[in-house]
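Below is one structure, written out as structure tokens; the observations come after it.
Bear in mind these aren't lab numbers, they're just calculated from the coordinates by the rules spelled out. Just so you know, these numbers come straight off a predicted model, no measurement behind them. Glycine gets a Cβ as well: all are built from the backbone with ideal geometry, and neighbour counts include every protein chain shown.
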Amino acid sequence: MYAKAFLDTLNFDSITVAPYMGSDSVKPFLTIPNKWVILLALTSNEGAFDFQFLKSNEKPLFESVLEKSKEWGNENNMMYVVGATKAESLADIRTIIPNSFLLVPGVGAQGGSLEEVCKYGLNKDCGLLINSSRAILYASSGEDFATKAKEEAMKVHSDMLKFV
């Protein structure tokens, strides 16, 4: 019913889903055509180390989640959250899901490096949706907010173009 409510009734294009309750908590979201599940894989916050790096079958749990999730969805209906502050893990992630889109929060204010994210995360089709919301959202608290936010967004865009 959650899947139907968000993706059908409210007509969201995508929804972020936590995979830690297993396939039965993810698969219902994958049944609605032309919608995307964005599966939490490796987050940019410090709390990622609480569980996501715990060893499961000799590898970090987030890698096991990526491998298992490929049985549930595909490159046309599932993408993954991978935090920019964990950019060094992107090379390993790309060996597991080479063609999937990655939603990458944490560039800018959270300390993630756009250069590192692109170095390890770009694939032949780009494959990255990079989020730098805080740097843009808090570019100014004055009356010049819209102008400063636009300038910051254009700066991030310009920086990204250097890598594609």
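Some points to look at:
- Over region 1-60, relative contact order from alpha-carbon pairs under 8 Å, at least 6 apart, %: 29 percent
- Simple spin-label estimate for T31 and K119 in nanometres, 7 Å along Cα-Cβ: 4.5 nm
- Charge sum, other residues only, whose C-beta stays under 14 Å from E151's C-beta, Lys/Arg counted +1 and Asp/Glu -1: 0
- A cut-off under 15 angstrom between Cβ atoms defines the neighbours of E115, and their net charge, with Lys, Arg +1 and Asp, Glu -1, is +1.
- When S141, S133, S100, S64 are arranged by Cβ crowding within 10 Å, least crowded first, meaning fewest neighbours, the order is S141, S133, S64, S100.
- Across the chain, Cα pairs under 8 Å and at least six residues apart give a relative contact order of 16 percent.
- Maximal additional length on extending the S158-N74 stretch stands at 27.2 nm, based on 0.36 nm per residue less the C-alpha distance.
- Largest mean-square fluctuation among G142, G83, G121, in a Gaussian network model of the chain whose springs join Cα atoms under 10 Å apart, belongs to G142.
- As a proxy for reagent exposure, L61, L30 were ordered by neighbouring Cβ count within 10 angstrom, fewest first; the result is L61, L30.
- Degrees, to the nearest 10: 145-161 long Cα axis against longest axis of the chain: 60 degrees
- The gain in end-to-end length when the A91 to T16 segment is fully stretched comes to 24.8 nm, 0.36 nm per residue minus the alpha carbon separation.
- Using 0.36 nm per residue and subtracting the Cα-Cα separation, the extra length available between Y2 and L137 on full extension is 45.7 nm.
- Within region 3-150, DSSP assigns beta bridges of which about 15% are antiparallel (rounded to the nearest 5).
- Taking amide hydrogens as placed 1.01 Å from N in the peptide plane, the amide H of A41 sits under 5 Å from those of V81, each at least 5 positions away in sequence or on another chain.
- Exposed-site-free run, longest, the chain (rule: chymotrypsin sites (Phe, Trp or Tyr not before Pro); DSSP loop; at most 16 other C-beta within 10 Å): 54-137
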